[in-house]
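To keep things clear, I will list the structure first and then write my remarks on it.
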Amino acid sequence: MQSRQNKKAHENMLEFYRFKAVYDLFAQGFFDEAKAALASLQQAYISLCDENIVLKQQVNELGDILHLSQNLVLDGTVCWVIADKIKQGPYCCACFSEEGILSRLVETKDGWQCPHCGELLDKDDVKVNNFLNNNGTTGFSSSSILK
């Protein structure tokens, strides 16, 4: 697998020595060949730029996932996100575990309901009190954090 990755990386690398070849073609008066080689280099450059944009987006998405996994806690039947020592939520654990969706529960006269899946939780099942300790941690074990 490592050799396949190396081969793909090599295919996507901009071959800088080709710039000298293009220069030499221009210097020798082979303008059509030089233009064709330069167009090929430009296409390779554009392809690398496109790939770079996609990779940057993937890195950002993975950073968001990591941040969420470090700040999402399970509290009974609901999930909470801790941001700047503030508990945000509650969110539906069923939607998060099944679809990866953070769907905020809506308080109704009957309890808390998920607008996405429709699950209704009894008011007694959702504790909205602040569960942060004095040091700003949740006091939950790492096993209670959904990853």
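Values quoted throughout were computed directly from the atomic coordinates according to the rules given, and no laboratory measurement underlies them. Since the model is a prediction, treat every value here as computed from it, not as a measurement. Counting neighbours? That spans all protein chains shown, and the Cβs are built from the backbone with ideal geometry, glycine included.
Things worth noting here:
- Inter-label distance, nm, simple model (7 Å from Cα along the C-beta direction), A27/I53: 3.5 nm
- Potential lengthening of the chain between L120 and K20 amounts to 29.2 nm, from the contour at 0.36 nm per residue minus the alpha-carbon distance.
- Within the same chain, aspartates and glutamates fewer than 8 places from K35 are excluded, and of the rest, those with a Cα less than 19 Å from its Cα are E15, D24.
- Label point distance in nm, I46-T108, each placed 7 Å from Cα along Cα→Cβ: 5.3 nm
- For the pair A39 and L62, the difference between a 0.36 nm per residue extended length and the Cα-Cα distance amounts to 4.8 nm.
- Cα gyration tensor shape for segment 12-93, rounded if a/c is under 1.5, else prolate or oblate: prolate
- Other residues whose C-beta falls under 12 angstrom from the C-beta of A39 contribute a net charge of 0, scoring Lys and Arg +1 and Asp and Glu -1.
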